[in-house]
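Below: one structure, written as C-alpha cells.
The values are calculated or read from the model by the stated rules, or taken from the named source; none is laboratory data. All figures in this text were calculated on a predicted structure; none of them were measured in a lab. Methodologically, a virtual Cβ is constructed for each residue, glycine included, from the backbone with ideal geometry; neighbour enumeration extends over all protein chains shown.
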Amino acid sequence: MNFNEPFDVVVAGGGNAALCAAITAARAGCSVIVLEGAPEFYRGGNTRHTRNLRCSHDGTAPTMSGPYEQAEFLDDLYRVTAGQTDKLLAELTIAKSRELLGWMDEQGVRFQPPLGGTLSLGKTNAFFLGGGRGMLNMLYRRAEKLGITVLYEAPVTALQIEDGYFVSATINYQGRPQQVRGKALVAACGGFEANIEWLREYWGDAADNFVIRGTPYNRGDVLRMLHAANVMPVGDPTQCHAVALDARSPKFDGGIATRLDSIVFGIVVNRDAQRFYDEGEDTWPKRYAIWGRLIAQQPDQIAYTIVDSKSFHSFMPSIFPAISAPTLGELAGKLTLDPAALQKTIADFNAAVRPGTFDYTILDDCRTEGLTPPKTHWAQTIDKPPYYAYPLRPGITFTYLGVRVNAESRMLLNDGKPSGNMFAAGEIMAGNVLGKGYLAGIGMTIGAVFGRLAGQGASTHARN
Amino acid sequence: MNLAVRPESLVEADRLMTICNACRYCEGLCAVFPAMEMRRTFADADLNYLANLCHQCGACYTDCQYAPPHEFKVNVPGVLAKVRNESYAQYAWPHFLSGAFERNGLVITLLTSVGVAAFIFGFVAVKDPAVLFGRHAGDFYKVMPHNAMVALFGTVFLYSILACVLSLRTFWRDINGGKSGGGFAAFWQAVGDSAHLRYLHGGGGGCTSEDDKPSPSRRIYHHFTFYGFMLCFASTSVATVYHYVFGWKAPYAYYDLPVVLGSLGGIGLLIGPAGLYLLSRQRDPVLTDTAHRDMNTAFLAMLFLTSLTGFALMLLRDTGAMGMLLAIHLGVVLGLFLSMPYGKFVHGLYRFLALVKYAADVRTGKFVD
C-alpha cells in the first residue's frame, strides 16, 4: 500500500453512504480510497443490519407494490419528525430517492419482494435480497471492479483541516500511523452509538446498561473531529433511536434478531413490578422505537414484558426462550421481582380491563378503565397459564447528532459557509433530514441519496 | 434412534433456525427460510425436512450478518449439510445398512472392486479363459449372455428401487407427521423446481463455489451430471425397447439412438462430475459437511467411471480388450446400482420429496405452531 500519492477522494467509512459516494466518484474517473475502521467481516457499520430502503417510485418496480408518490413520502416524513427536518433537504432526499432503484440495480444490488411479516412495507420500501450484508457485498464487488482502494481496520485517528479545507487524514493502519492525502473528503462513518463513554455524557450511568445493536466500531470519532474543526453540528446530541431488546442480547452487534414484538400483547413492568407506560398506545410499528427510551428511564434500565398463553404465539418468534412459569408468583421468582407486587400489578390490570373485540391489526376497543397508566388498546386479561416473560433492555440503533450539510452534501462551517472540499453522507448527516423519530428504511435512503451527491461533489472538486 | 439424546447436529440446526426465524433477512434466497417461517419450533423431523430442502448454495452464508466470526456463529449451509447427510442414514432401509453412509468411500470402493473381480472371475469360470481376451466384434453377449445380464442387473436394480422407496417412505411419513401430503400440483411444481435447480440460483446471485463470489458454475455442472445421467437412463430404456419389442439386438451402430443418447449422456457424466469434484475441492470447507466428503467424492467418481468405462468399451469393442473392459464396466455399474440407496445418489430423491412438501405447504398456506 502506497501512501505517498494523494487520492482524488478520501472516503471515511464503509457503509451504504460511503460506498455510494466512492462508486459515484470512481465512475466519474477519480482515484478513491475507502477507509473502513472495522475488520472486513464487520464492514459497513449499521448497513450490515439493514434490510430495505424507502423510495418514492411510480409503481412499476417488479418487487414493489405502489406507487409511492413524493407527496405521500413527504407527509410520512413530516409526521414522524414533527417538522424537525430541513424542508429543502427533505424534498431533495425524496425527489432523488426515485433514482435509487435503478442506480442500485446498475451496481448489481438485487431486490426481493417483501414476504412474511413485512408485507405492510411493500409499497414504500425496496427489500435487499439477502438483507443489508448481501447488498453491501454487491457494492464492495462493484467498488473492487472500479479499482477503488479499500482498507479495513483503518480507523481515522486525526483529520488535518485548514480553515474548513480538508488536507489529509491520519489513519492507524497495520499498527502504525499513516497519512492519507486527498483533494476531497467524504465523511460517511456514522454516529457515535457504540461509544459508551460519549453516551454517558448525556445519559450518565444508565448508558452502561444500553445494548448497542450495531458493531462496536460506530464510535463517532470523525464526527467529533469535524465538530472540533469548526463544522456546524446538527441534531439533538442527547437523542438516539432506541428500541426494546431482549436483555440477554450481546452487548454489541445483535442486529435485528434480538428485538421483541410482544409488548402490545401484554404488559411491561419495571424492576419494582410496576407498569410505567401505555403498552397499547398505538400500533406496534409506530411505537416500536419509543420503548428503548422508556426503559432507559426506568431504574437499572431493565423491564419485563409479560404475556399469558393466549398471546404467546401472536408475535414474531424471538431468539432467546421465554421465561415461563405456571403461576405469576413463580414467574416473579424467576425474574427476581417481588411476587406480591407483580401479582398485585396484574390483578389491578385484569380488574381494569373492559370487554371488547380483540384485533391487533386495528386500534381495537380492548382497553382498561381507571388504571394509571392505562392500556388504551389490545388490553386482554393476563390469566391463562403458563405465563411468559422476556427481560428488556434499551437497544441503541443510532444517534441523531451530526454535521450540517447543504443540498450538495457539502459540510457547512459554523459561520454558515460551505466547506471547500468536505462532504458528508449517511448517518453522520441524517439529522439534517430526520431531526427526530424514524421511518423504516429512511436511513438507507438518506445514505444513498447523499452518498451519491457527495461522490458527485467530491469528484467535481477533485477534477477541477 | 435414541430420542433421549438429540444428535449434536440437530441441536445446532435448532439453534440456528431459532435465530434465523427471528431475523428472516434471507427469506428471498430459497425455499428453506419461507418453510422455516411456517414454524415456531423445530422438531427433528422439521429439521430433516429443512435440511433436505437446502441446496447448499451458500448464498445465506455470505449474506448473513451473524456468520462467524460473529458470536452467533450462524452457518446454515454447513450445519444443514451435516443434518442432511445424517438423515440419509437415519431413514435408510434396512436400517442395519445405515452404517454405509458413515464409511461411504470405503464401502463403494469395496463394492465396485468386488463387482469387477466377480465379473472377471465369472466370465472365466462360466465360459473359458479365452473368452475374456477374445475378439467378439462388439458382441457383449458372447461374453455374458443377455438373459444373465438382465437377471443380474434387473435384480440389483429392483432391490435398489425397493430400498430407496422404503427409505423415502419413512422420511415422507416423518416430515409430514404421519399424515399424507403432497398432491399432483405440488408434485409438478417440484418436478419443475428440480429440473431447473431453482434453489441453486442463490435467489438470483448464484452459488458460492470457487470463491466467495456467486457463480453459476455449480448449477451448470450439476445440470451436466443430472441430464447426462438421464440421457444414459434413456439410452438403456430405448435399448430395452429395441430388444424386447422390436427384437433388434446389440451392438447398435454408432448413429443409432441408444448409442447417441448414451454417448451424449456419457459426455455429461464426464464433464459434470469432474467439474463438481473440482469445485468441491475449491469450495470453502465451512460451507460443507467435511465428515461426509467421501460420500460426495465416491458418487461423483462412480458416475465418472461408469461413463469412462462405457466409452472405453464402446471404442474398443472390436478389440481383444472388450472382455476385460466389459467386466470392468459391468463391475462399476453394479457397484453404482448396489450403492445407490446408500450413497449420495439419494440426495436427489430426498430433496425432491422436500420440494414436494414445500410446494404443498405453500399451496395450503400451512403454518405449524
A:Ala82 fails exactly one of (1) touching a residue at least 60 places away in the same chain (Cβ under 8 Å); (2) of a type in the set (A, V, I, L, M, F, W, C); (3) surrounded by 14 or more Cβ atoms within 10 Å (Cβ to Cβ), namely (3)
Next on the checklist: With the structure loaded, tell me whether B:Met322 is surrounded by 22 or more Cβ atoms within 10 Å (Cβ to Cβ) and in contact with a Lys or Arg (Cβ under 7 Å, 6 or more places away or on another chain) or whether it fails that test.
Outcome noted: no
The lone condition A:Asn209 fails out of (1) away from every other protein chain (no Cβ under 13 Å); (2) buried (at least 18 other Cβ atoms within 10 Å of the Cβ); (3) of a type in the set (S, T, N, Q) is (2)
Across (1) of a type outside the set (Asp, Glu); (2) assigned by TED's automatic domain parsing to the domain that holds A:Gln107; (3) modelled with pLDDT under 95, A:Met1 clears everything bar (2)
Counting only residues that are of a type in the set (Ser, Thr, Tyr) and either under 19 Å from A:Thr124 (Cα atoms) or within 24 Å of the chain's Cα centre (by Cα) (or both), the stretch A:25-44 contains a total of 1
Being of a type in the set (Lys, Arg) and surrounded by 15 or more Cβ atoms within 10 Å (Cβ to Cβ) narrows B:Arg219, B:Arg169 down to just B:Arg219
Here the residues within the stretch B:183-198 that are within 20 Å of B:Cys54 (Cβ to Cβ), surrounded by 14 or more Cβ atoms within 10 Å (Cβ to Cβ) and not hydrophobic (A, V, I, L, M, F, W, C) are B:Gln189, B:Asp193, B:Ser194, B:Arg198
Within the stretch A:117-154, of all residues that are polar (S, T, N, Q) and not in a loop (DSSP other than H, G, I, E, B), the one nearest to the other protein chains (Cβ to nearest Cβ) is A:Asn137
For A:Ser249, the lone unmet condition from (1) under 19 Å from A:Pro299 (Cβ atoms); (2) outside any helix (DSSP H, G or I); (3) not aromatic (Phe, Trp, Tyr) is (1)
With the first residue restricted to the stretch A:448-464 and required to be assigned by TED's automatic domain parsing to the domain that holds A:Ala28 and aliphatic (A, V, I, L, M), and the second required to be surrounded by fewer than 22 Cβ atoms within 10 Å (Cβ to Cβ) and assigned to a helix (DSSP H, G or I), Cβ contacts under 7 Å at 6 or more apart or on different chains are A:Val449/A:Lys96
Scanning the stretch B:27-38 for residues that are at the interface with chain A (Cβ under 9 Å from one of its Cβ atoms), out of contact with any Gly (no Cβ under 6 Å at 6 or more places or on another chain) and buried (at least 21 other Cβ atoms within 10 Å of the Cβ) gives B:Glu27, B:Phe33
Among A:Thr81, A:Thr118, A:Thr149, A:Thr63, the single one that is modelled with pLDDT under 95 and over 22 Å from the mean Cα position of the chain (by Cα) is A:Thr63
Is it the case, given these coordinates, that B:Asp212 is out of contact with any Ser or Thr (no Cβ under 7 Å at 6 or more places or on another chain) and either surrounded by 19 or more Cβ atoms within 10 Å (Cβ to Cβ) or on the phi < 0 side of the Ramachandran plot (or both)?
no
Inside the stretch A:195-222, the number of residues satisfying the requirement of being closer than 22 Å to A:Arg404 by Cα, hydrophobic (A, V, I, L, M, F, W, C) and free of Cβ contacts under 8 Å to residues at least 60 places away in the same chain is 1
Exactly one of A:Gly182, A:Gly175, A:Gly130 is crowded, with 22+ Cβ neighbours inside 10 Å and farther than 30 Å from A:Tyr68 by Cβ, and that one is A:Gly182
Over the stretch A:397-454, the set of residues touching a Lys or Arg at 6+ places or on another chain (Cβ under 6 Å) and aromatic (Phe, Trp, Tyr) is A:Phe423
Screening A:Leu439, A:Leu392 for residues that are of a type outside the set (Gly, Ala, Ser) and at pLDDT 95 or above leaves only A:Leu392
Exactly one of B:Val362, B:Val356, B:Val346, B:Val332 is more than 29 Å from B:Thr208 (Cα to Cα) and touching a residue at least 60 places away in the same chain (Cβ under 8 Å), and that residue is B:Val332
Restricting attention to the stretch B:229-258, the residues that are over 28 Å from B:Ala195 (Cα atoms) and crowded, with 17+ Cβ neighbours inside 10 Å number exactly 2
> Do we find a residue being touching a strand residue (DSSP E or B) at 6+ places or on another chain (Cβ under 6 Å), in a loop (DSSP other than H, G, I, E, B), among the small types (Gly, Ala, Ser) and more than 25 Å from A:Asp272 (Cα to Cα) anywhere in the stretch A:389-406?
Replying inline: no
**OP:** Assess whether A:Lys384 counts as being in contact with a Gly (Cβ under 6 Å, 6 or more places away or on another chain), part of a loop (DSSP other than H, G, I, E, B) and either assigned by TED's automatic domain parsing to the domain that holds A:Asp261 or free of Cβ contacts under 8 Å to residues at least 12 places away in the same chain (or both).
**Re:** no
(message) Criterion first (within 24 Å of A:Phe73 (Cβ to Cβ) and among the β-branched types (Val, Ile, Thr)) does A:Val405 satisfy it?
(response) yes
Going residue by residue through the stretch A:45-52, is there one that turns out to be of a type in the set (Gly, Ala, Ser), over 17 Å from the mean Cα position of the chain (by Cα) and assigned by TED's automatic domain parsing to the domain that holds A:Ala194? no
What do you reckon, is B:Arg281 out of contact with any Pro (no Cβ under 9 Å at 6 or more places or on another chain), of a type in the set (D, E, K, R) and part of a helix (DSSP H, G or I)? yes
Q.
It is to be established whether one or more residues within the stretch B:333-341 are within 30 Å of B:Pro251 (Cβ to Cβ) and either of a type in the set (S, T, N, Q) or modelled with pLDDT of 95 or more (or both).
A. yes
Residue set A:Leu223, A:Leu159; condition under 19 Å from A:Gly13 (Cβ atoms), part of a strand (DSSP E or B) and touching a helix residue (DSSP H, G or I) at 6+ places or on another chain (Cβ under 7 Å); output residue A:Leu159
Residue hits (the stretch B:1-55; over 28 Å from B:His222 (Cα atoms) and among the aliphatic types (A, V, I, L, M)) are B:Met1, B:Leu3, B:Ala4, B:Val5, B:Val11, B:Ile19, B:Ala22, B:Met38, B:Ala43
